[in-house]
Every structure is written in structure tokens, then in C-alpha cells.
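One structure below.
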Amino acid sequence: VRGLASYDTVVIGGGPGGYVAAIKASQLGQKTACIEKRGALGGTCLNVGCIPSKAMLNNSHIYHQTLHDIKARGIDVDGVSLNLPNMLKAKDTSVTGLTKGVEGLFKKYKVDYIKGTGSFVSANKLKVDLLEGGEEQIEAKNVIIATGSDAMAFPGVPFDEERIVSSTGALSLQEVPKKLTVIGGGVIGLELGSVWSRLGAEVTVVEFMSGIGGVGIDEEIAKSFQKILTKQGFKFKLNTKVTSLKREGDVVTIEVEGAKDGKKETLTSDVVLVAIGRRPYTDGLNLEAIGVEKDKKGRIVIDNQFNTSAPGVKCIGDVTFGPMLAHKAEDEGIAAAEFIQTGHGHVNYDAIPSVIYTHPEVAWVGKTEQELKAANVEYKIGKYPFLANSRAKTNNDQEGSVKILVEKETDKILGAHIIGPNAGEMIAEATLAVEYSASAEDVARTCHAHPTLSEAFKEAAMASYDKPVNF
Ligand code: FAD
Ligand code: NAI
């Protein structure tokens, strides 16, 4: 055991929640350390989540476009072929570039990076089992738990990460499967399904619910999204539950059953991606030592200032309530550090954007139509298709539309739902509008550069109270 170091703030977990909290705490003058056990900073997001998936999505899109689309753009190429090992290498390079970047930020902002597994001895004393061997005890006035989440396996069937894979295995398949079955038509299933579909796999998505896109998607958008993906070659089995999953040699057998009609069917596949959600990760923290409360889903319970039930212990990110998104975890990280220092911090849970990085992208913020109906809010809809947007047409990338939901009485923008090229970038404008309580007319009277995709957002706003001009 090394000597007892003492800190103002110690963050457990170096993901987007934890590393951002640590940097902000140190910037605010707190003596700060961050404990991370995976041997690299950046958490799920940088190592096995957001970043490698976007690298594969981007590069598989370029490959697919090169094969199927660029001839019509006046570019002739011969002998296009996939070099999967190099595509995987490019992904790894983007990951290490960013994780090393976070290490550099820790040095710059004087955050002590402790490599090991942290666990509670008491609310202000932690033990770290060091990666290099041995252990260290540290004291902290404040602890922020940011231990994130982990993929849920199909009940009774652990991941072998070869044939029955989580997102982590699906980001490193060494060959393109002939048949890929995805269990769960949420964000991970559709993004990683897209990657392997573009690289040549026959992709079937089995989804328990009646629509795709996961929690929080607008139902109308989900239907158009499904049509677009079906055109791209996806097969969907909705309202269908998987009853068993078994690997024998190189074949995985999946028994499914209609959720409504009970109809049974057997599917076979080379690889099965299980993407049925993630669970909060608290293994090994020894929370019992400090009596921290968890809810039924295993999430650490916090108040509106990120305090757990243990004194001086806060919690942020995937391991607590709210959407499991990197930008949500980051904003909570900043707010938690600010609460420690100043007693104030801000996260607006009504204005957190969601993006599915397929092609076209799907992005939304604020309320869905089904939510407004359920809450009996009177609303108007403004819609605008990308086929009437000059930039989308010029780029020959005009699938999708913008849909804006506006409060009837006040003209306030309550929600925005976009399917289309660069929807993930465009949603920033909608998020700002929701954050600032903008009216649709505020947006429609804001000058938007021409020719840009964002003009579709302006025209949708215009369409909600008047007529669009270009459609
Ligand atoms: P995590 O990133 O999970 O980090 C927690 C860290 O804590 C881990 O590194 C873990 O090793 C460490 N840890 C755990 N216990 C201990 C301990 N006892 N001691 C020390 N260290 C510990 N979100 C988006 O917003 N956009 C995306 O495009 C996106 N894509 C994704 C793609 C995939 C395939 C996956 C799986 C997720 C994706 N996400 C995306 C979700 C995003 O990764 C998470 O929301 C985000 O990483 C949560 O951040 P966090 O800091 O709460 O936890
Ligand atoms: P998800 O919650 O998005 O989707 C899971 C889907 O699986 C749901 O549609 C659910 O109905 C279905 N399902 C659950 N059990 C099932 C069963 N037994 N059989 C068939 N279907 C079943 O979860 P997912 O895709 O695993 O992603 C986990 C988290 O990671 C998400 O909460 C998301 O926030 C985050 N993430 C975010 C990304 C982004 O922001 N672009 C990308 C990838 C992940």
C-alpha cells in the first residue's frame, strides 16, 4: 500500500462523464484525480462506442458509395475492393488518437490519472487496485461516480464476441458475415447493422416492439426510417421476440416467436449482434460500504444536484438516470463539478438531442407527436422534405424531411425531428431553439445561408404557421 494521497475531488471512471468532470473540477481549482481501469481514457464512447462506430459508419459509407453511387457523379473507378483489416486499423487509429488526446488534456489541466479499479472503503476514502499491481488508498472530500454502462447479454447466453457479439465484438469482426442477425432494432442495432450491410452482409433485425429506433423516436419518423433502411436491404421482423439463441460451431440458431400471434420461426446466422440495451455498471465499486441507493434497473439514485444518498458522493452519466448518451454525460460532468465548487450547475433534460448516425441520419430533440398527444398539448406541425432543398438535390442526397412540432397557442418550438443528410449537425440549431424557447417564427425569420441543408429547417418552421416558399 502506497501513502495516502488526498484530493478535493476524485472521479471514478474516465468516460465522457468522468473525464469531463475531472477536467472541469481541476479548472475550477479543485485538486483532482480520475481513476480508470480500462488502461485508456475516454470510456465506452471513445474506446468501444461513439468513436469506433462512427469511424466504421463513415468508412463503410464511403465504400458503399464508391461501389454504388459515384459512377452517376462522373467518377469512374475500377477494381474497388474492401480491405477490412485496414478499415479496422483506421478505426483503431481514430480511437487511440482521441484517447491519447484526453490523456494530454489531463496533463494540461493537472488532473492525476490513476490507472486501476476504484472501490469505496468509506464515503471519503477509496481503494485503487492498480493496473500495474498493488493497491493505493486515497482520500477525497468529494467523489463523483461515473462508471458508465455495459451491454446486456441475451438472458443465459453470454457473449463470445465472435459469433454472438455485443457492440464491442461487432466493431471488430474479422470478416464480413454472410448473414448477420441483430436482436434489437434500437440505435446500436441500426448503426452497426448499417455498417455490415454496406460491407455486404445480409442483415435481419428482430425487434420486440412494433417500430424501430429505440426509445424516444417520433413514430412517424420511425416508419419512414424503416422504409429507407428496407430499401437499403435491411430485413425487419417487428413485434417478434427471440425465445432462444444457440451457437453450434460456426452457426447460430435463433428461435423467434410473434409477440402478438405466437407464430414460431427458426433463423440461422453466421453472427448475431445482441443490442437490447445497456445496464448501469457498478460492479466492484463496493457501494455497500457507503449504502448508496439503486433503483430497480440498477441505476444509482441521485437528486437534482447529482447527490447520491452517501454524503459527498455524486453520480453522473450512464450509471444514473436519463438517456445513455455521451453528450448528456459530459454536460452532467461539468454541472457536477460546478455544483461542488459553486453550488450551481445546469443541464436541461428537455433539450438533449438524439442522433442515429445511419445514412441518412436521424436526429431529434424535444417532444414527439405521441408525447404531445398523450399530454393533451395542442400543436401544429411544420414539415419540409429534403427533395425540395436545393443543396440536398444538388448533392443527390434528398431522402428524408424535417418535421417541427410547435405549440399552437404560443408558437413555441416543442420538438424537431429530422431524417436526412447531416441531420446530426442540423439538430444543433433545433436544440438551441428549444433551449432558448424560440418560436417557429423566430427561426423562420433568421437568415439561413443558401444553399445549405439548414434551409430545410427554416422552411419547416415557416410551414408551421404560413406556407413554405420552395415547396
Ligand atoms: P462510460 O463511457 O461507460 O465510462 C465509464 C468508465 O468507467 C469506463 O471506461 C470503465 O472502464 C470505468 N470504470 C467502471 N468502473 C470502474 C471502477 N470501479 N474503477 C475505475 N474505472 C471504472 N453516445 C452518444 O452520445 N453518441 C454516440 O454516437 C454513441 N455511440 C455509441 C455506440 C456504441 C456502440 C455504444 C456502446 C455506445 C454509444 N454511445 C453513444 C453511448 C455512450 O458511449 C455513453 O453514453 C457514454 O460513454 C457514457 O459515458 P459515461 O462517462 O457515463 O460512461
Ligand atoms: P436501445 O434501447 O436503443 O434499443 C434496444 C432495442 O431492443 C429496443 O428497440 C427494444 O425494444 C429491443 N429489445 C429489447 N429486448 C429485446 C428482445 N429480447 N428481443 C427483441 N428486441 C428487444 O439500446 P441499444 O441499441 O442496445 O443501445 C444502448 C444505448 O447506447 C442506447 O440507450 C443509446 O442511447 C446508446 N447509443 C447511442 C448511440 C447514438 O447516440 N448514436 C449509438 C449507440 C448506442
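The values are calculated or read from the model by the stated rules, or taken from the named source; none is laboratory data. Just so we're clear, the structure is a prediction, and the values are computed from it rather than from any experiment. As a convention, Cβ positions derive from the backbone with ideal geometry for all residues, glycine included, and neighbour counts pool all protein chains shown. Areas reflect the complete protein model, heavy atoms only, side chains present, ligands, DNA and RNA absent. Shrake-Rupley method; radii C 1.70, N 1.55, O 1.52, S 1.80 Å.
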Point to revise | Members of the range 323-343 that are open to solvent by 30 Å² or more (accessible area, probe 1.4 Å) and in contact with a helix residue (DSSP H, G or I) (Cβ under 6 Å, 6 or more places away or on another chain) | key: M324, E330, I334
Review point. Is it the case that some residue within the range 288-303 is more than 22 Å from the chain's Cα centre (by Cα), within 22 Å of D8 (Cβ to Cβ) and away from ligand 1 (no atom under 16 Å from the Cβ)?
Key: yes
Exercise for review: Would you please name the residue that is farthest from K115 (Cα to Cα), looking only at residues in the range 2-44 that are within 7 Å of ligand 1 (Cβ to nearest atom) and open to solvent by 20 Å² or more (accessible area, probe 1.4 Å)?
Suggested key: T44
Revision key, fill the gap. Note on the range 344-363: residues touching a helix residue (DSSP H, G or I) at 6+ places or on another chain (Cβ under 7 Å), crowded, with 18+ Cβ neighbours inside 10 Å and closer than 26 Å to A423 by Cα are V347, I352, P353, V355, I356, Y357, T358, H359, P360, E361, V362, A363
Exercise for review: Quick one: which residue in G104, G148 is out of contact with any Lys or Arg (no Cβ under 6 Å at 6 or more places or on another chain), open to solvent by less than 40 Å² (accessible area, probe 1.4 Å), closer than 30 Å to V271 by Cα and not aromatic (F, W, Y)?
Suggested key: G148
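Can you tell me which residues in the range 304-320 are open to solvent by 60 Å² or more (accessible area, probe 1.4 Å) and either in contact (Cβ under 8 Å) with a residue 24 or more places away in the chain or closer than 21 Å to Q27 by Cα (or both)? Break it down into steps so the answer makes sense when it comes.
Going residue by residue through the range 304-320, those that are open to solvent by 60 Å² or more (accessible area, probe 1.4 Å) are 304-305, 309, 311.
Within the range 304-320, Q305, P311 qualify.
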Practice item. Output the residues belonging to the range 141-190 that are within 11 Å of ligand 2 (Cβ to nearest atom) and on the phi > 0 side of the Ramachandran plot. Key: G148, G184
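Per-residue answers, yes or no, for (1) over 30 Å from H68 (Cα atoms); (2) buried (at least 19 other Cβ atoms within 10 Å of the Cβ); (3) free of Cβ contacts under 8 Å to residues at least 24 places away in the same chain:
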position: K235; (1), (2), (3): no, no, no
position: T243; (1), (2), (3): yes, no, yes
position: V252; (1), (2), (3): yes, yes, no
position: E257; (1), (2), (3): yes, no, yes
position: D261; (1), (2), (3): yes, no, yes
position: L285; (1), (2), (3): yes, yes, no
